[in-house]
Structure formats: structure tokens, C-alpha cells
Amino acid sequence: MPKDSGIGASSKRREDVRFLTGKGRYTDDINRAGQAYAYFLRSDVAHGRIRSIDTTEAAAMPGVLRIFTDEDFKDTGSLPTAWTVTSIDGSVQQEPRHPVLAEGIVRHVGEPIAGIVAETIEQARDAAEKIVLEMEELPAVTDAKAAVEAGAPQVHEELTSNLCFDWGFIQDNKAAVDAAFETAHHVTSLELVNQRVVANPMEPRCAVAEYDAGDDQYTLWTTSQNPHVIRMMMGAFVLNIPETKLRVVAPDVGGAFGSKIYNYNEEAFVTLAARILGRPVKWTSSRTEAFVSDAQGRDHQTKIELALDADGMFLAFRTETYANLGAYLRLFATVTPTYLHGPAAGGAYRTPLAYVNVKGVFTNTVPVDAYRGAGRPEGTYQLERLVDKAARELGIDPAELRRKNFVKPEEFPYQTPLAVVYDSGNYHATLDKLLDLSDYAGFAARRQESAARGKLRGYGFATWVECSGLAPSQLIGQLGARAGLYESAMVRVNPTGGIQVFTGTHSHGQGHETAFAQIVAEHLGIDEKLIEIIHGDTAKIPFGMGTYGSRSGAVGGAAILKATEKVIAKARKFAAHILEASEEDVNLVNGQFTVAGTDRSMAWAEVALAAYVPHNYPSDTLEPGLEESAFYDPENFVYPAGAYGCEVEVDPETGVVEVLNFVAADDFGTIINPMIVAGQQHGGVAQGIGQALLESAVYDKNGQLTSGSFMEYAMPRASDLPCFVVDHSCQTPTPHNPLGVKGCGEAGAIGAPPAVVNAVLDALNNGGYDVPDIDMPLSPSRVWAAMQSAS
Amino acid sequence: MVEISMNVNGKPVSGAVEGRTLLSAFLRDDLRLTGTHIGCDTSQCGACVVHVNGEAVKACTMFAAEADGAEVTTIEGMANADGTLGVVQQAFQDEHGLQCGFCTPGMVMSAAALLRDNPTPSEAEIREYLEGNICRCTGYHNIVKAIQTAAAKLTPVAAE
């Protein structure tokens, strides 16, 4: 029977009530007394030299308080990146300065050049039009491969080339991998593009800053997934404001998907402007600005090859990828296509040899960084497309080819050839679950039925493994990380028994206020309603690294559990003292402290009150109060996995693809709240289908983003998607954290794109069209063109 | 500046606005009814849907002055008189029809308008009606379920 409370219960989300009644508090809902408004003059060319900028007339416009240019920010630091990637030749990544406002050169459309602060946003906007800007347009390069060719325009003149790094993983294995290809029975190779997409959370970014000269204190309210990271990176490194003088608040945040991890130019701008002007300063992004200023995602061009033996067993795979980083490095720009990409690029298979090569390249485009899945979707897409192609070439059922190459359940923990050890899993079980839920056995009949209506039906598989639960600090330190990735928690028991839990993670749609309360309630045996989760304010929460990479349950949840266990240990001391028993004999069961073998007991709330009324305690051994904090650093990564099946119908007359059915059979280890987990699966799959069929950030040769609004950028709508079948009943809890949870937030975005594309290729190739390959997004025109060139 | 007055969530309000002031800006900035959200600048996303004289309207497509004299309902006016969630709101919570909550006010307002026009919509009709409301979190699956659940609860009442 389903539980109605604690771990495993589908508790309704408490945060929903404020969201459903218009009482959510997002950053743009915050208005400070005396607030002024910022607007940015942004570059409308992809590459140019600023010859002159004249703000005289603009500064005299009504309501204008001040116009800022790079001169005002010359003492500030570069917007930082958080990881050092070392190239094959031993050199470290090239890392150009990333200024708050452009310093003489603009390097992508949308780069901020000047910031206008005025009494109203309309006045700031009007004044921007009066700035006289003389720009010498320079040749631009937008394609990563083109950018490393001889004679390509240089994005950063001070660098030796546009190549940021050339990373080989694991370089020492390359010779053995290449040798395996020399003698292989069969080699399947594929060149593909994982196109650039835009995260587009529904809430555009926003930042409001205030400065109190009385005690030299800054407060920044901002749309962030990680307020402490902003405080440290932006405050201390960019603006030279000590952590003690800056409070960063990330209130309700309307979705993020990675795009709100980074410390952005605009946040630094309003923080400094608020002090200089002595006024609160607010900036709210328009959607049009978001398209050219939020970090974008993906943008890989890859050649991948698979060597197989005569039985269809995988012998080795190797890749060569050009990863477009855009014009500047944001926080996770260099780790996303490398260490977040390579380690799980071997997927669910026991391929003994593997080599991943990624070249990170600067171009005159908006910076690229982690987007839902971050490196893992790119790795999964290329591998799962390749495996399907191999199955077609060898005439083996794609499910069978996968199954025979899976890591076997008894082989965990499994040492991969890509440095990491998979913790636990049962890939056969998730595939079996998928085949069952999607009625794979009945597919042939459904295909016939479609054919009778003149439609081409296809079924596409994808399996995926994610290296998640960021991250064991010691390990990532060896790999070039400049920070630790532990998480923190503080559990404060109030005198009447109510509990506040302060977490370093941040919820922007994931339901932490509900799910984290379930963890604490489970272990204390008390009502979830007695527990409040507090996040998002550096003045309240302990130092923590925030929410991304499906880490919150695995790392943040474990920190909460650890702090809860400390609280229980101390509460037991109070109970033992009052009940005149030894600590070992006192047990906490269903919220009651009871003495073993007796009828003596105390309720949770009684112990909580007693902790704060220390009238009769051995004060030398028992401090008053009940409040504990914990930092949890995971001992290793965790490896959620799944098997996805997509069924499509292609209209041969038009090339229109309709997704008829999508089934996700996932293994996330222990599930805290099944309802929330299913919601994460739905949302991830929708984003994956969006990338497969609809979405694309398209730059023209001059570097103009031609899909720069919701008019041109095809966001998935309700009518583009089916209802999904999602399952998470296959559970192999991880031994790497005390909760056994593996993380579910990115799964769908990782597994869905290859399943959709494989389904379309299955439909075409079984429908008489020899189409070996097709790139996303599978728009009707692209599918139709592929069919025409095939026939 | 134009002097305007209207009823918002049953209460008379008035203000002075520029001709270019959008209804969405008037609600958010002048009335501080921040439940109506702005998710785009091309009238695509639907986060700002409100009801004007009973019709679902994207508040960013209408000047505040055009709503002079109108009856306007926003998400803040959708709860029951005792403060509990209305039927559509409750269905969204019950079916987990929201995650980050940003598109939610527009979704609820659109859903309520749909169910008034078509008390028993099919799944296809629901998906078609939500053409103008973008959600990035839920994949729409649970939004569709929430509207179906709300329809089932409202229909017996409507039949009485």
C-alpha cells in the first residue's frame, strides 16, 4: 500500500498553494523603496570594435540617473569559470577575460555595452536609443569547426587561437582503442550534430540590488539556482565584496534548467550600480534579451565510431567532438563538454575500450553552458544513435543488440574504461519494463495498421546512464574543479517541536519544500507539517553549492539526513536524562522516545521543549538547545539509468512527425516522492522531445540569432506532445549515499532525443526510405527532404 | 496620462496610466497584483492570462486604458471566498500540474475559461486550447490531467 507520509509518499506539494493563488514571490515581484531601473544597450553585431560611444544626449534625457560603460567596471574581476581543463599536450585551457560590460570589442550579439539607470524602465529604454555608438563590424565566426580552421576570425585577439582546449579522455588508452578498430569485424561510424538549444525557463532572469551605506551591506535578490555560489563568485571574485557584506537571496525561481547557475553580467551590474547611485536598482530581462544573454546549451559536432566483433559484441568506441563554447566562458563552460560528458559516454554497455576527444572552441555566439543534463545528453545521443545504426547495419534487433552488450546485474560495482565505477543497476530490468509497458510485442501489428492509413510507424529505443550526484570533492579536485561540491544542512528544533531545515540547495520547481520535509519526517516519525524547509537566502542558510546536475536529493538530501541524525542523537540524551535511562536503551519510534522494556516514554515535542528548559541537567556534559548542522561530501558519484521507447508516425506526404507514445522506464534508486519524480520525468522527456523535433538556436553566417524569440524558436506546446508513460519501479538504491537516491531531474532530457530520432529513422528505413542519418530538429521539411533524397 | 477605473477581483480600482501602459503592467506595477506574470514580449507564452469581462485575455496584448470600466479577474481572485483553493486550483495541486509555478497563473486562468466554454473537453481539445500557454516544466501531462479532473468535479455542479 502506498505510504501517506515520509519517504515514498506522494505528498502533495505545499509550495503549490502560494503558486496557485498568485502569492509566489519571484524576483520581479520584489520592489524596493526608491528603486531605479536598469536597461542595457546590447551589441547588435556578433563581432565589432567600439570606435566611440557618446552618452551625452542620452544622459540628459528625462529621468536618467547615470549611464555606465566599461570605464566604470575596469576595477572589477572577470566573470569566472569554475573548472580547469587540461589539453592533450599538457597545456591548460585558454581563459579570456569576461567583462561585465564590453571593453572595446563586442564578441556576440547581445553582449552588454552600456547600462542605463533611470527613474522608470521606459525612461531607461528611451535613453538607450539616444546613445551614439560607432561600431566597426569585424568578421564573425559561429561554427565550431570553422573557427579552428586557418584564417578564421579570432574571437579573442589575445589568445593564440579559438581553441580553448583539446581534451583526450583517457589519452593513455587511445592507442589500444585505435588498435581494436584495426582488427574489428565491423565498424559503424556516424557524424552528427547535437544542435544548440535555449533553456528558456518561463521566468526571465531578474536582479534587484540594494546598498545600505550605514553598515556597508549589499543585498541582491536574483533568479539563481545557487545563491551562495553567486555570493562567492560574483561578490568576492568579480566585485571584491567580502561575503560578510553581501547577502544574496534567490526567492521563488520560475524554472532554470541550468541557465540560472551562472553569475551573470547583469547581477554584477545592479549590485555595483546600487552602491554608486545610493538607490536600489532593478533589472528584468525581456524574453528577447534572454535569447541573447542567457547561457545556451549543447552545440556539439561529433564523429563517433563503434567497433564490433562477429557476434555483435562492442569492442571499442571513440569520439571526436567540436564543442561550441560561444564567445566567453561561463561558470561550467569547460567542465560540461568534458568531465560531465566523458565519464558516462559509454552508457549502459560493457564496451572494454573507449576514448573521448573534445575540442572546446570559441565563436562569436552567446556563451554555452550546462543545460538540463549538461554533457550527458550529448554523450547519450551520439552513442544511442550509433548503436541503432549498428543494429540496422548488422540486421540485429536494436533491443537485442543493447541487451547482449549491457553491463550485467551481477557485475556491479562496474569499472568502466572511462575512469568511473558504476555503483549499482539492472539495465536488463529497465529494458524489460520498457518492452512490457510499451507493448513492444504488439508493435508490428500497429505498424501494419499505420501502413493501412498511409503512415510510416517507427519505434525508437534509447538507454542512458547518468554520472550524477555532483560531486565527490576530492575526486573532482583532481580533475580540475576549483570548488568542492558537498552540500550543507542545518536542522533547528524549536521549543514547541516545530522544525526548520536550512538547506544549501535551491528549489526552482523541484518541490524541495515538500520532499525534504518527507526525509526529516520519516526519520523523526512526526507529521511533515511540523517541518519547514528554508532555502535561497545566504543570510539564513549555511554555505551550500545549490541545485543542478540532479544533485539535490543525492547530496542535499543526504546532508539533511546527516543533520537529522545528529539532532536525534542529542534529543536521545535529553530523553535518557529525563526518563532516567541509559542512552542505549532509549529509542525513537513514531515520534516517541521510549525506554526499551518499559512503558516509560516521552513525545517528540516534550523532548524538544525540555532541550530549551535546562533546569536540571548535567550542564558539563549536556548543552541546552537542539540544533545541528552537517556538511555532506559524497564518497562517489551515483548512476541513475533508464530505458526509453518512443513510437512515432511519419506522414510521408508532409514529413510531419507525430509522437504517439513515449515510455520511460527509469531506475533512480530510492524514491522520496513518486508524484514529484514522475513530474520530473515528464518535464525532462518533454524537453528532450522538444530538442528532437522542434527547438534550434539558429545563427546566420553573420552571427545574428535568427530564432531569437518565441515567434521563431519552437517551444514544445501541449499539442506537440502525447501523454507519457513513466515508471520508476526498477530500483537499485545506490550504496554511495545513505538515502540510496540517484537523482531524476535530468533523465528525460538525456534519454528522449535519441529515442525520438531512432523512432523516426526506424519509420523511414522500414517504410522504404533508405535514410542512414538525420540531424535534429526533425522538422517536417527536414524529414521530407531526407525522404526525397533517399528515394 | 489617462485616468482609468475598473473592477479587479470584485474591487473597484483606479489609476492614472500612460497610453502605452499595458494591462499586465498596470496589474503588476500599479496594483501590485504580481500573480500575473510576464514570460515573454511577443504575446506567446500566456503567463499573463486574466479574464476581462469574462473572456480569457493575455494582459500583455491589451492597454490598461482599454480595460477602463471592465470587470477583470486575476489569479488572486480565483480562490473560494473562505480562502481555500477553487476547483481548478485544487485540481492543479492534486494532479501535480505545476512545478516552478511561473506559467501556472496563466494556465489556471486559461483552464477556467476553457471549462466555462466547454465543460467536458476531450484531451485533444484541452491540448489545442492551451496553444497559447507555454509550460517548460511539466511537459503538460499533469496540466491536462488537472483540467480533466477539474472538469469532472465541475460538471455535476453545472448540471444542477
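The values are calculated or read from the model by the stated rules, or taken from the named source; none is laboratory data. Note that this is a predicted model, so its numbers are computed, not measured. Because the Cβ atoms are built from the backbone with ideal geometry, glycine has one as well, and the counts that use them run over all protein chains shown.
May I ask you to list the residues in segment B:104-113 that are facing chain A (nearest Cβ under 7 Å) and out of contact with any Asp or Glu (no Cβ under 9 Å at 6 or more places or on another chain)?
The answer is B:Val108, and nothing else.
May I ask you to verify whether A:Arg66 is more than 30 Å from B:Gly39 (Cα to Cα) and either touching a strand residue (DSSP E or B) at 6+ places or on another chain (Cβ under 6 Å) or within 14 Å of another protein chain (Cβ to nearest Cβ) (or both)?
Working: more than 30 Å from B:Gly39 (Cα to Cα): no; either touching a strand residue (DSSP E or B) at 6+ places or on another chain (Cβ under 6 Å) or within 14 Å of another protein chain (Cβ to nearest Cβ) (or both): yes.
Taking the combined requirement at face value, the residue does not satisfy it.
So, B:Glu95, is that one at the interface with another protein chain (Cβ under 8 Å from one of its Cβ atoms), surrounded by fewer than 23 Cβ atoms within 10 Å (Cβ to Cβ) and closer than 30 Å to A:Val677 by Cα or not? Walk me through how you get there before you give the answer.
Numbers: at the interface with another protein chain (Cβ under 8 Å from one of its Cβ atoms): no; surrounded by fewer than 23 Cβ atoms within 10 Å (Cβ to Cβ): yes; closer than 30 Å to A:Val677 by Cα: yes.
No, not satisfied.
Can you pull out every residue in segment A:699-748 that is hydroxyl-bearing (Ser, Thr, Tyr) and at the interface with chain B (Cβ under 9 Å from one of its Cβ atoms)?
Hits for segment A:699-748 are A:Ser709, A:Ser719.
Within segment B:131-143, track down each residue that is facing another protein chain (nearest Cβ under 7 Å) and surrounded by fewer than 24 Cβ atoms within 10 Å (Cβ to Cβ).
B:Glu131, B:Ile134
Of everything in segment A:240-283 that's away from chain B (no Cβ under 14 Å), under 26 Å from the mean Cα position of the chain (by Cα) and assigned to a loop (DSSP other than H, G, I, E, B), which residue is nearest to A:Ala374 (Cα to Cα)?
Per the stated criteria, the residue is A:Ile261.
For the condition touching a residue at least 60 places away in the same chain (Cβ under 8 Å), closer than 30 Å to A:Pro153 by Cα and over 24 Å from the mean Cα position of the chain (by Cα), what is the one hit in A:Gly703, A:Gly708, A:Gly767?
Answer to the check: A:Gly703.
What single numbered condition from (1) without any contact (Cβ under 8 Å) to a residue 24 or more places away in the chain; (2) away from chain A (no Cβ under 13 Å) fails to hold for B:Gly101?
Failing condition for B:Gly101: (2).
Name the one entry in A:Gly360, A:Gly379, A:Gly373, A:Gly346 that is within 18 Å of A:Ile170 (Cβ to Cβ) and part of a loop (DSSP other than H, G, I, E, B).
A:Gly346
When you scan segment A:588-604, how many residues do you find that are touching a helix residue (DSSP H, G or I) at 6+ places or on another chain (Cβ under 8 Å) and outside any loop (DSSP other than H, G, I, E, B)?
Residues meeting the conditions: 6.
Mind checking which residues of segment B:53-85 are within 12 Å of chain A (Cβ to nearest Cβ) and either surrounded by fewer than 17 Cβ atoms within 10 Å (Cβ to Cβ) or free of Cβ contacts under 8 Å to residues at least 24 places away in the same chain (or both)?
Selection gives B:Ala79, B:Asn80, B:Gly83, B:Thr84, B:Leu85.
Could we say that B:Arg28 is part of a loop (DSSP other than H, G, I, E, B), of a type outside the set (Gly, Ala, Ser) and free of Cβ contacts under 8 Å to residues at least 12 places away in the same chain here?
Taking the combined requirement at face value, the residue does not satisfy it.
Please give the number of the condition A:Ala38 fails out of (1) assigned to a loop (DSSP other than H, G, I, E, B); (2) touching a Phe, Trp or Tyr at 6+ places or on another chain (Cβ under 7 Å).
(1)
Here is a check on your reading of the model: is A:Gly90 among the small types (Gly, Ala, Ser), free of Cβ contacts under 8 Å to residues at least 60 places away in the same chain and farther than 30 Å from B:Asn9 by Cα?
Yes, satisfied.
Would you be able to tell me the number of residues in segment A:658-698 that are within 12 Å of another protein chain (Cβ to nearest Cβ), within 19 Å of the chain's Cα centre (by Cα) and either surrounded by 24 or more Cβ atoms within 10 Å (Cβ to Cβ) or among the β-branched types (Val, Ile, Thr) (or both)?
Here the count works out to 14.
What residue, of B:Glu95, B:Glu71, B:Glu131, is in the same structural domain as B:Val50 (by TED's automatic domain parsing) and at pLDDT 95 or above?
B:Glu71
Does A:Asp4 qualify as being closer than 26 Å to A:Tyr328 by Cα, surrounded by fewer than 19 Cβ atoms within 10 Å (Cβ to Cβ) and away from chain B (no Cβ under 14 Å)? Even if it seems obvious, please write down each step before you answer.
On the way: closer than 26 Å to A:Tyr328 by Cα: no; surrounded by fewer than 19 Cβ atoms within 10 Å (Cβ to Cβ): yes; away from chain B (no Cβ under 14 Å): yes.
No, not satisfied.
Anything in segment A:610-626 that is under 45 Å from the mean Cα position of the chain (by Cα) and crowded, with 17+ Cβ neighbours inside 10 Å? List them, or say none.
A:Ala610, A:Ala611, A:Leu626
With assigned to a helix (DSSP H, G or I), at pLDDT 95 or above and within 14 Å of A:Met715 (Cα to Cα) as the only criterion, which of A:Ile689, A:Ile676 stands out?
A:Ile689 is the lone residue from the list that is assigned to a helix (DSSP H, G or I), at pLDDT 95 or above and within 14 Å of A:Met715 (Cα to Cα).
For every residue, the table says whether it meets (1) in contact (Cβ under 8 Å) with a residue 60 or more places away in the chain; (2) among the charged types (D, E, K, R).
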residue: A:Val607; (1), (2): no, no
residue: A:Ala610; (1), (2): no, no
residue: A:Glu623; (1), (2): no, yes
residue: A:Glu628; (1), (2): yes, yes
residue: A:Glu635; (1), (2): yes, yes
residue: A:Pro640; (1), (2): yes, no
residue: A:Val656; (1), (2): yes, no
residue: A:Asp667; (1), (2): yes, yes
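Tell me which residues, restricted to segment A:105-128, are away from every other protein chain (no Cβ under 14 Å) and outside any loop (DSSP other than H, G, I, E, B).
Those that are away from every other protein chain (no Cβ under 14 Å) and outside any loop (DSSP other than H, G, I, E, B): A:Ile105, A:Val106, A:Pro112, A:Ile113, A:Ala114, A:Gly115, A:Ile116, A:Val117, A:Ala118, A:Ala124, A:Ala127, A:Ala128.
This table checks each residue for (1) in contact (Cβ under 8 Å) with a residue 12 or more places away in the chain; (2) surrounded by 24 or more Cβ atoms within 10 Å (Cβ to Cβ); (3) in a loop (DSSP other than H, G, I, E, B); (4) in contact with a Lys or Arg (Cβ under 9 Å, 6 or more places away or on another chain).
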| residue | (1), (2), (3), (4) |
| --- | --- |
| A:Glu103 | yes, no, yes, yes |
| A:Lys130 | yes, no, yes, no |
| A:Leu133 | yes, no, no, yes |
| A:Gly168 | yes, no, no, yes |
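For residues that are closer than 30 Å to B:Gly97 by Cβ and surrounded by 21 or more Cβ atoms within 10 Å (Cβ to Cβ), tally how many sit in segment A:723-738.
4
Pairs under 7 Å by beta carbon, first residue under 30 Å from B:Thr42 (Cβ atoms) and among the basic types (Lys, Arg) in segment A:271-292, partner at pLDDT 95 or above and in a strand (DSSP E or B), six or more apart or different chains?
Partner pairs satisfying both residue conditions: A:Lys282/A:Tyr37; A:Lys282/A:Ala38; A:Lys282/A:Val208.
Out of (1) farther than 29 Å from A:Gly684 by Cβ; (2) of a type in the set (A, V, I, L, M, F, W, C); (3) in a helix (DSSP H, G or I); (4) without any contact (Cβ under 8 Å) to a residue 60 or more places away in the chain, what's the single condition that is false for B:Val50?
(3)
Starting from residues that are out of contact with any Leu (no Cβ under 7 Å at 6 or more places or on another chain) and hydroxyl-bearing (Ser, Thr, Tyr), keep the ones in segment A:250-291 and report whichever is surrounded by the fewest Cβ atoms within 10 Å (Cβ to Cβ).
The qualifying residue surrounded by the fewest Cβ atoms within 10 Å (Cβ to Cβ) is A:Ser286.
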